[in-house]
Amino acid sequence: MIFDTHTHTSFSSDSKMNIKDAINKAKALDIGLIITDHMDLNYPEKDKFKFNVDDYFKTYEAYKSPSLLLGIELGMDTGFEKENASLIKSYNFDQVIGSQHFLHGFDIYDSALYDAKTKEELFRDYFLEIIASLKTHSYIDTLGHIDFISRYCPFDDKEIYYRDYSDHIDEIIKLCISYGISMEINSRRLGNPTAFNPLIDIYRRYKELGGEYVTIGSDAHYAEYIGSNINKGLAIAETLGLRPIYFKDRRAEYMK
Ligand SMILES: [Zn+2]
Ligand SMILES: [Zn+2]
């Protein structure tokens, strides 16, 4: 079964999606779903981007099935690795996405982050931060949206060009491979023609360096976007010879 491995429901601070609507949309598309609500323990505002995990499992247990799995999107940040690790150990998540949502103490979404530095400086800092986070969060299953900064940065050209940051991107890829972490193809930006080719270059390099597995997720916060551009992600995987997987009980399963 094809899975959308990255979706948010109302346990995420920035989503109101009802799990029943998510399930109905997935059924209509004949795909499976992994719910991965946001948990950013480093988020400065109390209760924002955090949820009660007991409530999450209690509320969603009834919906669990071979095609509906319960995961988490964990905000990685050095200094939070112990809290994050103990959270992950305490619950039976199916899949753990590790994501870099913060840089220099700013939410990457926050325009104030972009005042002081050039694109190249900030992108380098961003990759170095991912490297530091991976080294302290080697227990995650898949690295979320490597192109997250391209969503929100204010630069005319928002794309990550592999050739400009090859040293840092190679290090990220090598760390993922050495820790057994797969890379996510986040399909949210794949509908954008200017984003598509630069992203393929990154996953091509992943394959060249020995990467084998990718998760593919829409990052939907609304039911209508469930499964959005998943086919484009699958096409990238097929073109490059990468195997699409999802995680169940923290173990990789092939998408079929
Ligand atoms: Zn994210
Ligand atoms: Zn997400």
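The values are calculated or read from the model by the stated rules, or taken from the named source; none is laboratory data. Please read these numbers as outputs of a predicted model, since none were measured by experiment. Backbone-built Cβ (ideal geometry, glycine too); neighbour counts: all protein chains shown. With ligands, DNA and RNA removed, areas are computed over all heavy atoms of the protein, side chains included. Shrake-Rupley method; radii C 1.70, N 1.55, O 1.52, S 1.80 Å.
Could you sort 159-170, 122-133 so that the peptide with the highest average Cβ count within 10 Å comes first and the rest follow in order?
Those peptides, ordered most packed to least, come out 122-133, 159-170.
Once you sort the root eigenvalues of the Cα gyration tensor of the stretch 1-138 as a ≥ b ≥ c, which label holds: rounded (a/c under 1.5), prolate (a/b larger than b/c) or oblate (the other case)?
prolate
Is the C-alpha gyration tensor of the stretch 3-254 telling us rounded, prolate or oblate? Criteria: a/c under 1.5 is rounded; beyond that, a/b larger than b/c is prolate, otherwise oblate.
On the way: a/c = 1.45, a/b = 1.22, b/c = 1.19.
Taking the square roots of the gyration eigenvalues as a ≥ b ≥ c, the stretch 3-254 is rounded.
Please identify the DSSP H helices in the chain that span no less than 18 Å along the helix axis (Cα) and have a mean Kyte-Doolittle hydropathy of 0.0 or more.
Counting only whole DSSP H runs, the qualifying helices are 166-179.
How large a share of the accessible area of the chain, in percent, is made up of carbon and sulfur atoms when the probe is 1.4 Å and the other protein chains stay in place?
48 percent
Could you list, in their original order, any pairs among K58/K232; K46/K82; K174/K232; K27/K232 whose Cα atoms are separated by more than 30 Å?
In this structure, K58/K232 exceed 30 Å between Cα atoms.
Quick check for you: with a 1.4 Å probe and neighbouring chains kept, what is the accessible area per residue of the stretch 3-254, in Å²?
Per-residue value: 44 Å².
For the chain, what does the helix formula give at 222 nm: sum of -39500 (n - 2.57) over DSSP H segments with n ≥ 4, over the residue count, nearest 500 deg cm²/dmol? Walk me through the numbers before you get to the answer.
Working: 8 runs with 93 residues, N = 256.
It comes out at -11000 deg cm²/dmol, rounded to the nearest 500.
Where in the stretch 1-110 are there GluC sites (Glu not before Pro) that are in a DSSP coil and have at most 12 other Cβ atoms within 10 angstrom of their Cβ?
Taking the stretch 1-110 and a limit of 12 other Cβ atoms within 10 Å, the loop GluC sites (Glu not before Pro) found are E45.
For the stretch 121-159 and the stretch 178-195, what is the separation of their Cα centres, given in Å?
Cα centroid to Cα centroid, the span is 12 Å.
Restricting attention to the stretch 1-107, which chymotrypsin sites (Phe, Trp or Tyr not before Pro) occupy a DSSP loop and are surrounded by at most 11 other Cβ atoms within 10 Å? Don't skip to the end; give the middle numbers.
Numbers: sites: F3, F11, F49, F51, Y56, F57, Y60, Y63, F80, Y91, F93, F102, F106; in loops: F11, F49, F51, F80, Y91, F93.
Loop-located and lightly packed - none at all.
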